[in-house]
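A.B. asks: Can you read through this structure? Questions will come right after.
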Amino acid sequence: HGLYGRVVADGRSLLTNDPSSHKDSIGTPTGHPPLECFLGVPLIHGGKTMGMLGLANRAGGYISEDLEAMEALAPAIVEATARKKAEDKIAEQALMLANVNDAVIALAPDFRVTYWNRGAEAIYGYSADEMMGKLNNIVLKPVYIGATRAEVLARLNRDGHMEAESLRTRKD
């Protein structure tokens with residue numbers, strides 16, 4: 001509720017240089033400095049308002065150019081926030097995977113290693129540094145039963161997964 005709530009609820013910017021007279025004004029909490037002017041810009045991600053960029057109490061108030069500048073800045077803030085959340089999630093998952101005893105290996109579409117955990121190091125004898133960016137055929141020797149590699153990849157693209165038998169080798 002209030003001016004902040006109006007921006008978040010509507011997903012639209014709000015500029016007022018007389019907040020106390022604005023129809024959505026609810027005043028300020030006890031101990032909060034008086035609100036002399038207010039500029040709020042929604043932070044929208046995926047069509048939903050995830051927060052607000054709020055400015056207040058600029059000497060002389062805000063003008064439309066200030067609003068335009070904040071609206072131009074808002075997408076960069078949303079992108080940076082989303083990227084940080086994604087990086088945090090990846091780091092959390094990587095930490096979890098790093099400590100699993102099973103081999104967890106991620107491959108790019110060309111079968112180059114993009115992730116190699118401690119379990120893979122223990123099982124195959126190669127360090128992550130040795131395997132990152134390398135073709136996974138160092139340890140995984142596919143045996144495509146009744147299908148060529150191209151046919152297996154076509155199934156992978158079509159179905160989102162593939163099944164194949166393979167021989168696996170250790171460094172030693």
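Computed from the coordinates by the stated procedures, all read-outs in this text should not be read as laboratory data. It should be emphasised that the depicted structure is a prediction, and the values quoted were computed from it without experimental measurement. Every residue, glycine as well, gets a Cβ built from its backbone with ideal geometry; the counts of neighbours run over all protein chains shown.
A.B. asks: Out of these labelled values of mean projected area of the Cα convex hull in nm², (i) 10.3; (ii) 16.1; (iii) 14.6, which was calculated from the coordinates shown here?
C.D. replies: Looking at mean projected area of the Cα convex hull in nm² for this model, the match is (ii).
A.B. asks: Continuing with the same structure: Just want to confirm a number: the relative contact order over the chain, from Cα pairs under 8 angstrom separated by 6+ residues, in percent.
C.D. replies: In percent, rounded to a whole number, it is 13.
A.B. asks: Further question on the same structure: Between 0 and 90 degrees, rounded to the nearest ten: what's the tilt of helix 64-98 against the longest Cα principal axis of the chain?
C.D. replies: The angle comes out near 30 degrees.
A.B. asks: Can you work out the FRET efficiency for the pair ASP129 and ARG83, with r the C-beta to C-beta distance and R0 = 25 Å, to the nearest 0.05?
C.D. replies: Taking R0 as 25 Å, the efficiency between ASP129 and ARG83 is 0.45.
A.B. asks: Would you mind counting up the charge near ALA91? Only other residues with Cβ under 12 Å from its Cβ, with Lys and Arg at +1 and Asp and Glu at -1.
C.D. replies: Summing Lys/Arg as +1 and Asp/Glu as -1 gives 0.
A.B. asks: Nearest 10 degrees, 0 to 90: what angle lies between the long axis of helix 149-159 and the longest principal axis of the chain (Cα atoms)?
C.D. replies: With both axes taken from Cα atoms, the answer is about 30 degrees.
A.B. asks: Okay, next question. What is the local net charge at MET50, summed over the other residues whose Cβ is closer than 12 Å to its Cβ (Lys, Arg +1; Asp, Glu -1)?
C.D. replies: +1
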